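Encoded as structure tokens, the structure appears first; notes follow it.
The values are calculated or read from the model by the stated rules, or taken from the named source; none is laboratory data. Just so it is clear, the structure is predicted and the values come from calculations on it, not from any experiment. Cβ: placed from backbone, ideal geometry, glycine included. Neighbour counts: every protein chain shown. Side chains are part of the model used for accessible areas, which takes the heavy atoms of the whole protein and leaves out ligands, DNA and RNA. Shrake-Rupley method; radii C 1.70, N 1.55, O 1.52, S 1.80 Å.
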Amino acid sequence: MGLLDSNRTAVFGSALLIAVFGGGILAQAATRPARREIEALEESPERAAAIEFMSGGPMIGRLERGLLYAFLAAGQPEAAALVLAAKSLARVPSTEHGKHASEYFLLGTLASVIAALAMGMAARSAVGLPVL
């Protein structure tokens, strides 16, 4: 049986798509209150900085969920932790973005971690591997 005909490949591939895109729906729902608060702010440098910060969120979130899922599905939670550390260093909101951007960042990251972790564990369990 070839790799593309494998049930394991189907399970891991399907779980990846759910983690990345389904997790995006979860992250969007989780960050909606913070986004609304930012959009409701009066025009200011903080509002502009926060909106600019949010503009990269969906694309970075997909990449984050994909990498987290790949490492967790491969049984490498330590590598997944490094992805989170690298993201935190590279993308953490500064004081110029305001508190709402920090909430947006934290909620989106948490939702991404939950989606990737849940799907990684589910895929591993479905093919008979230990969940972590």
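For segment 88-108, a tally of residues being open to solvent by less than 60 Å² (accessible area, probe 1.4 Å) and either in a loop (DSSP other than H, G, I, E, B) or in contact (Cβ under 8 Å) with a residue 24 or more places away in the chain (or both) returns 10. Would you point out which residue out of Y104, Y69 is within 29 Å of S6 (Cα to Cα) and of a type in the set (S, T, Y)? Being within 29 Å of S6 (Cα to Cα) and of a type in the set (S, T, Y) holds for just one of Y104, Y69, which is Y69.
So which of R8, R36 is among the charged types (D, E, K, R) and under 21 Å from the mean Cα position of the chain (by Cα)?
R36
Would you point out the residue of segment 39-57, among those that are surrounded by 17 or more Cβ atoms within 10 Å (Cβ to Cβ) and more than 12 Å from the chain's Cα centre (by Cα), that is nearest to G108 (Cα to Cα)?
Step by step, filter segment 39-57, then rank; the result is M54.
Would you confirm whether any residue within segment 25-43 is closer than 24 Å to V127 by Cβ, in contact with a helix residue (DSSP H, G or I) (Cβ under 9 Å, 6 or more places away or on another chain) and not hydroxyl-bearing (S, T, Y)?
Pass one, segment 25-43, residues closer than 24 Å to V127 by Cβ: 26.
Then keep just the ones that are in contact with a helix residue (DSSP H, G or I) (Cβ under 9 Å, 6 or more places away or on another chain); that gives 26.
Cutting the leftovers down to not hydroxyl-bearing (S, T, Y) gives us 26.
Yes - at least one qualifying residue is present in segment 25-43.
Considering A70, A34, A79, the condition of being among the hydrophobic types (A, V, I, L, M, F, W, C), surrounded by fewer than 15 Cβ atoms within 10 Å (Cβ to Cβ) and modelled with pLDDT of 90 or more is satisfied by A79 alone. The single condition among (1) open to solvent by less than 70 Å² (accessible area, probe 1.4 Å); (2) out of contact with any helix residue (DSSP H, G or I) (no Cβ under 6 Å at 6 or more places or on another chain) that A111 does not meet is (2). For the residues A19, A85, A79, A34, the requirement of being under 16 Å from A116 (Cβ atoms), in contact (Cβ under 8 Å) with a residue 40 or more places away in the chain and in a helix (DSSP H, G or I) singles out A19.
Being open to solvent by 70 Å² or more (accessible area, probe 1.4 Å), touching a residue at least 60 places away in the same chain (Cβ under 8 Å) and not in a helix (DSSP H, G or I): is that true of L132 here? In short, yes.
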